[in-house]
Structure formats: C-alpha cells, structure tokens
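The values are calculated or read from the model by the stated rules, or taken from the named source; none is laboratory data. Quick caveat: nothing in here was measured; it's all calculated off a predicted structure. Every residue, glycine as well, gets a Cβ built from its backbone with ideal geometry; the counts of neighbours run over all protein chains shown. The protein model used for the area step is the full one, side chains on, heavy atoms only, and it has no ligands, DNA or RNA in it. Shrake-Rupley method; radii C 1.70, N 1.55, O 1.52, S 1.80 Å.
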Amino acid sequence: MILPNLKEAKKRTKDPVLTKQFNISNDLVLIGQGKSYYIKTYGCQMNERDSEDIKGILEHIGFKEVFDYEQADLVLLNTCSIRENANDKAFGMLGRLKHLKQQKKDLIVGLCGCMAQEEIVINQILTKYKWLNFVFGTHNIINLPYLINQNMIFNKLMIEVPSIEGNIIEGIPSKRLFNHKAFVNIIYGCDKFCTYCIVPYTRGKQRSRTKEDIIKEIKALKKLGYQEVTLLGQNVNAYGKDLYNNYNLANLLEEVSKLGIARIRFVTSHPWDFTDEMIDVIAKYDNIMPAIHLPIQSGSNRILKLMGRRYTKEDYITLFNKIKKKIARVSISTDIIVGFPTETESDFNETIDLVNTCHFDNAFTFIYSKRVGTVAFKMEDNIQEKVKEQRLQLLNKTVNKYFLQNNLKYENQIVEILVDGIDLKTKQLYGYTDTNKLVYFPGTENLIGHIIKVKITKPKTWSLEGIIQSEN
Ligand code: 5AD
Ligand code: SF4
C-alpha cells in the first residue's frame, strides 16, 4: 500500500522532473484478453485526457471498451475532487457498483483521479469501501496493468497513491475521444496554490512537456486528419517557466500555428501571467481561435487577496480590455466563485458590478466548497447556505443576460463551425464557432469532423441555431 500524504503533496522542490517513456512488461501485455472495461470520467478536460490514456493502456493489454457498466469485467471511475459535489457523485456511483459486485463476484472495480489523491477519501475507502479492488493516483496511471494483474492474483484491495511532485510520461498509446479534435497536454500540475483550490495537491507541481514532444504529438494528429487541438494545462500561461529561459506560451502558440492545423485553442489561462506577447500572437494568427477562458473568481479585491489570486479587479479589467481591443471578435469566458469565507453583500455586489463591466460570453459559476488541506479550509465558512444559493442565483441571472446579449450579435452572421456530432434528442448537428459558441443546425452525419459555413438564424442564451450555408 502507498497512501497519499498531504504534507508531501504540498511540497515543492527544485528537483528536476523525471520524464519516463511508457512501456509494459511482456508478461502483462495479454492480461485483458477476452475482457471488457467501462470507464466513467468526472471533472475537467485534464481528466478526459487522462481517461484517453487509461483507455489506450487498457486496450494495449487486450481489454475492449463497453458503454454499459453492467456488462463490463472492469469498471474504473476517474474522479474529480474540485468541489464536494464532485466527490458525492463518485461515491454515489460506488454505491451502485457495490450492488453490482454482490451479484458479479469477479467484477473488478478501480478508482483513480483526483479523489484518489485525497487522504480523507482514502480513509473513507479503507473503512467503508473495502470491497473496491484497487485505487491509483494521478501520478501513476502507467501502473494500471500491474495493479489489475496483482488483483487478479490476490483479489484484495490495493491502494497505490504516491503524493509526489510529479513526473511526465511520454508515449502512452492513447485512445482519443474524437477523430477530429484532440486535447494536447502542454503543462501538468499547478504551483499557484489559490487558497480554495485542491488542484496543486492532487496534480503536483507545475511541469511543462518539452516543446519537441508537444510538436511531435500535434504533427502526428495533423497527419491523422485532426482539425483542432486544444493545448491543455491548469495554467497554460505558465508554460515553459520551469523548463526554458526563453520559450513561453507565445512561442509555443506561434510554432504550433505554423504547423497549419486548422484550429488551435488553449485552456486555462491565469490572468496573472497573461503577457502582451501572447495577446499579439493570438491576434496575429488566424488559426489560433479568438476565445479565451480567463477565470476572475471574484470582483472584490479583498476576496481576491484572500483567494491568493495575485491580481486586483483593476488589473483584470485592464487585461480584459487589452485582449478585447487587440484580438478581433474575441470571446472571453470566466469562472466565478460565490460564498468564499467572509464574502459580504458588498463584496458580492462588486462581483456583480464586474460582470456588468465585462459582459462575459460565458461563465462557470460555483458556490465555494471547502476542501480539506487547502489554506481556505481553515478560514471560517461563515456564510449561510441560503445566502450562498441566493448569490449564485442572482449571479447566474446576471451572467445569462450577457450571454444572450453577446449571442444576439451573431444573428444572420455566417460563421465557420467544426462539426462535432449529432445531438441525440433533436437529431441536429452541432459544433462550435471559432469563438467557442455552440451551434445547432440540420444536416447529415457525413459532415462530422468538417469545418463548414453556417448562417445563424436564432441566437439563444446558451447556444445558437442556424442553417448550413456551404459545406466547405
Ligand atoms: N470551490 C468552488 N469552486 C472551486 N473552483 C476551484 N476550487 C473550488 C472550490 N473549492 C472553481 C474555480 C476554478 C474552477 C475550475 O473551479 O472557479 O476556476
Ligand atoms: Fe487551482 Fe488556482 Fe491552480 Fe487554477 S491556478 S488550478 S484555481 S490553484
């Protein structure tokens, strides 16, 4: 057993990051033959990307994917711990799996991802979920074949969750979710330690992949016909800082742009290290999409300081305006937390004021959730649940107004859409504009994966409706 340790997870040293190459010993290569797996992914794009690696590893050792967990020989939950309700969802699923396991004794159930890195979750597993087969963390995905094999032999709970600063594994045979768009990790972990956030503890220290490895991956995707890549990291703006003296996100974006892939996106940007150079590069290259996710979190300087965000409301607005001015048609989205410890009515009103200033294209809004081990955990959570709910409601009403206002500008415009798929309910095609607006329109499945022109006929709050103008 290797148990996670909060003290270790907090540590940041100057030790070099180890880059390892994926490999599996020969005796493990066939252990999944004739067996099936189901994986449920919770949380952010980072987890989605990890699940692609996990699927790739499982298929490498012979497992086949199924989409009904009741039919699977192996069920894996790739979990998220960003807020308490993410944990609750995974525990709910574990309840159902316990039931299934009582009927299907050979069923193997594993848990991985961010929840696995939490000491408190492991303690719960050790008391209430001892029937689980194995748990592994975010740093040791490549141990999965070994864990499955050990479990097949010994059939008892194994927990292997090292709390280390983190390494980088190259060459994992991923099974990608789409054939036309892909996530590409550029930086792992986070060193920002915003006081509410558990990510620096679950994902380890900030560590950039080499530009050569990133470019190689994107070139290979392009060769396979991919139209879009999203450069991924908890804070992509920090790219290169831990690795190079003179190479940053602006340089990487420029280099990736020149590879000629049709669409390049990047998430998430921390306002603190968003440079003018980055803005200029995004403005200059047509294949870098004019859509920026720029979390503000709060509009009150007092709360921003308590959150450890390292910028003021004024800094944010200056950056926001600079981006709007320099990048044509840019859309800006954000994340906002209400109910942070000690947030007063007046602090909250400043957040509303900020929304009324910035008119975001999209916003993800959350009620603050206490996370064990973070700095804010020790702050008194002195706001009544009812008040938090009311603030969230008012905030949502305010942000929604601007979503619609921004979307209305698209009426009768012809936009380019990368077609993602077909909506099962409405039977309509859907995809995103360069500015990351979701558009639904009638059409046929053969267009999935293509970039086509669509005329917007009906803008709504969360999406747009349109008709195809031309198929190329
Ligand atoms: N409570 C509520 N929201 C949180 N986020 C991160 N940690 C917490 C927390 N403890 C939000 C932030 C972040 C987004 C990914 O999740 O807004 O930008
Ligand atoms: Fe969490 Fe802040 Fe890092 Fe984002 S930048 S992952 S909010 S600690």
- Item | Alpha carbon centroid spacing (whole Å) that separates the range 1-47 from the range 75-135 | 16
- Task: Any chance you could list P(r) for the range 278-328, counting all Cα-Cα pairs in 10 angstrom bins from zero, rounded to whole %?
- Result: 24, 43, 25, 7
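Which order do you get for D286, D68 if you rank them by accessible area with a 1.4 Å probe, largest at the top?
So the residues, ranked largest to smallest area, are D286, D68.
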- Message: Per DSSP helix of 4 or more residues, -39500 (n - 2.57); summed, then divided by the residues of the chain. What does that give at 222 nm, rounded to the nearest 500?
- Response: -10500 deg cm²/dmol
- Name the residues whose placed amide hydrogens come within less than 5 Å of the amide hydrogen of N185, ignoring near sequence neighbours (fewer than 5 apart) on the same chain. L232
- Under the Karplus relation with 6.51, -1.76 and 1.60 and θ = phi - 60°, whole-Hz ³J(HN,Hα) for the range 276-284, x at Gly and Pro, equal 4, 4, 5, 4, 4, 5, 4, 5, 6
- Item | Sum of side-chain charges, N167 neighbourhood, beta-carbon under 9 Å (Lys, Arg +1; Asp, Glu -1) | +1
- What net charge do the residues around N246 carry, taking every other residue with its C-beta under 12 Å from that of N246, with Lys and Arg at +1 and Asp and Glu at -1? +1
- Item | I169 long-range amide H proximity, modeled H, under 5 Å | K20
- Task: Taking all protein chains together and a probe of 1.4 Å, list I82, I467, I417, I172 from the most accessible to the least accessible.
- Result: I467, I82, I172, I417
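Which percent of the Cα-Cα distances in the chain go past 35 Å?
Numbers: 38859 of 111156 pairs.
Above the 35 Å cut-off, the chain has 35 percent of its Cα pairs.
Multiplying the sequence separation of R310 and A328 by 0.36 nm and subtracting their Cα-Cα distance, what value in nm do you get? Numbers along the way, then the final one.
Details: separation 18, 0.36 × 18 = 6.48 nm, distance 2.76 nm.
Length gained, R310 through A328: 3.7 nm.
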- Task: Lys and Arg at +1, Asp and Glu at -1: add these up for the other residues within a Cβ distance under 13 Å of N301 and post the number.
- Result: -1
- Task: Using only alpha carbons, build the gyration tensor for the range 181-260 and give me the equivalent ellipsoid semi-axes, biggest first, whole Å.
- Result: 25, 14, 9
- Where labels lie 7 Å past Cα in the beta-carbon direction, separation of S463 and E170 in nm: 4.1
- Query: Of all the accessible heavy-atom surface of the chain, with the other protein chains kept in place and a 1.4 Å probe, what percent is carbon and sulfur?
  - Reply: 51
- Query: When the chain is fully extended, how far beyond the present Cα-Cα distance does Q124 get from N246, taking 0.36 nm per residue of separation?
  - Reply: 39.4 nm
- Query: Along its principal axes, what span do the Cα atoms of the range 414-468 show, with the longest given first and each in whole Å?
  - Reply: 25, 22, 16
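Can you tell me the relative contact order of the chain? Whole percent, Cα pairs under 8 Å, sequence separation 6 or more. Could you put the intermediate results ahead of the total?
Details: 943 pairs, mean separation 52.2, N = 472.
Across the chain, relative contact order equals 11 percent.
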- Task: Name every cysteine in the chain that ends up alone, with no second cysteine's Cβ under 4.7 Å, or say none.
- Result: C44, C80, C112, C114, C190, C358
- Taking a temperature of 10 °C and a viscosity of 1.306 mPa s, what whole-number D in µm²/s does Stokes-Einstein yield for the range 250-316 with Rh from Kirkwood over alpha carbon pairs? 120
- Accessible area (Å², 1.4 Å probe, nearest 10) - Y440: 60
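What do you reckon, how do H139, H359 stack up by accessible area (1.4 Å probe), largest on top? Mind showing how you got there, number by number?
Values: H139 15, H359 65 Å².
Listed by decreasing accessible area, they come as H359, H139.
Exposed loop sites here are GluC sites (Glu not before Pro) in DSSP loop states with at most 15 other C-beta atoms within 10 Å. What is the longest stretch of the chain lacking them? Present the calculation step by step, with values, prior to reporting the outcome.
Values: sites that count: E380, E411, E471.
The segment 1-379 is the longest one with no such site.
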